[in-house]
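What follows is a single structure, written as structure tokens, with notes after it.
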Amino acid sequence: DAGITQSPRHKVTETGTPVTLRCHQTENHRYMYWYRQDPGHGLRLIHYSYGVKDTDKGEVSDGYSVSRSKTEDFLLTLESATSSQTSVYFCAISGPLVGEVFEQFFGPGTRLTVL
Amino acid sequence: GQQVMQIPQYQHVQEGEDFTTYCNSSTTLSNIQWYKQRPGGHPVFLIQLVKSGEVKKQKRLTFQFGEAKKNSSLHITATQTTDVGTYFCAGRSGRDDKIIFGKGTRLHILP
């Protein structure tokens, strides 16, 4: 498996509290992604990064912010958590391109519950 | 915006039967990828298709990319219990860095 970890792996928090999830990679890959996975919705992209301090929104970015100050770390922040943000969050990395194959490697996931 | 539809959502098959999942995009894709996620696990890359009409095989798995590069399929021959999981397609349009995932097909094998 690619060197990608997520922390924490499980978290329970209350509505209105800030939450930060961390993704750490040891592969020196350029691209990093945050997804959320909910039953019936598959994987939905929240934000992604194409380099240090270079980020862009995905399809479900409202209520989330990200930061990438180092190649190896990509942080996802919920400024004020809501119950609708209860989900499993996956970080993924990709790159460099190998024969134009843009494979994504996924982390183990973080299960977040907002009460 | 780009949408990737995947059917069926669920599929129950007897062990030894074949299984197929289909993926359709609202836009022409530059490539399509397939991932497998075991229960409780994370998605794992299976393959990428790039060329129009491309067909690739991995043992009992056959992947196809449509001529118009807007649809794809994954076919598993003679399913085994190890095939249990959710299969996702993921499409990329143009040179965009984003990949849009289908909602997945959950495969359940009946012994």
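The values are calculated or read from the model by the stated rules, or taken from the named source; none is laboratory data. A quick note: this is a predicted structure, and the numbers were derived from the prediction, not measured. So basically every Cβ, Gly included, is an ideal-geometry build from the backbone, and we count neighbours across all protein chains shown. Just so you know, the surface numbers come from the protein's heavy atoms only, side chains and all, with ligands and any DNA or RNA stripped out. Shrake-Rupley method; radii C 1.70, N 1.55, O 1.52, S 1.80 Å.
Every condition in (1) within 14 Å of chain B (Cβ to nearest Cβ); (2) open to solvent by less than 70 Å² (accessible area, probe 1.4 Å) holds for A:H24 except the one numbered (1). If you filter the stretch B:53-64 down to residues that are over 24 Å from A:A92 (Cα atoms) and either aromatic (F, W, Y) or without any contact (Cβ under 8 Å) to a residue 12 or more places away in the chain (or both), you find that the one that is least open to solvent (accessible area, probe 1.4 Å) is B:E54. Please work out if B:E67 is touching a Pro at 6+ places or on another chain (Cβ under 8 Å), at pLDDT 95 or above and open to solvent by 60 Å² or more (accessible area, probe 1.4 Å). Spelling it out, it is not the case that B:E67 is touching a Pro at 6+ places or on another chain (Cβ under 8 Å), at pLDDT 95 or above and open to solvent by 60 Å² or more (accessible area, probe 1.4 Å).
Being closer than 20 Å to B:S93 by Cα, in contact with a Gly (Cβ under 8 Å, 6 or more places away or on another chain) and open to solvent by 60 Å² or more (accessible area, probe 1.4 Å) is a property that does not hold for A:E79. Restricting the stretch A:80-107 to residues that are in a strand (DSSP E or B) and at pLDDT below 75 leaves a set whose member that is farthest from the chain's Cα centre (by Cα) is A:V98.
Residues that are more than 14 Å from chain B (Cβ to nearest Cβ), of a type in the set (A, V, I, L, M), part of a loop (DSSP other than H, G, I, E, B) and surrounded by 15 or more Cβ atoms within 10 Å (Cβ to Cβ): does the stretch A:55-72 have at least one? Within the stretch A:55-72 (the criterion being more than 14 Å from chain B (Cβ to nearest Cβ), of a type in the set (A, V, I, L, M), part of a loop (DSSP other than H, G, I, E, B) and surrounded by 15 or more Cβ atoms within 10 Å (Cβ to Cβ)), the answer is no, since none of the residues qualifies. Within the stretch A:1-54, the residues that satisfy the criterion of being part of a strand (DSSP E or B) and more than 15 Å from the chain's Cα centre (by Cα) are A:V12, A:T13.
With respect to B:F88, determine if the residue is under 13 Å from the mean Cα position of the chain (by Cα), at pLDDT below 95 and closer than 30 Å to A:R9 by Cβ. So B:F88 fails the test. Of all the residues that make up the stretch B:16-52, how many are open to solvent by 30 Å² or more (accessible area, probe 1.4 Å) and not hydroxyl-bearing (S, T, Y)? Of the residues in the stretch B:16-52, 13 are open to solvent by 30 Å² or more (accessible area, probe 1.4 Å) and not hydroxyl-bearing (S, T, Y). For B:K51, the requirement of being within 10 Å of the chain's Cα centre (by Cα) and either at pLDDT below 95 or at negative phi (or both) is not met.
When A:I93, A:I46 are checked against the criterion of being open to solvent by less than 20 Å² (accessible area, probe 1.4 Å), within 25 Å of A:H10 (Cβ to Cβ) and in contact (Cβ under 8 Å) with a residue 60 or more places away in the chain, a single residue qualifies: A:I93.
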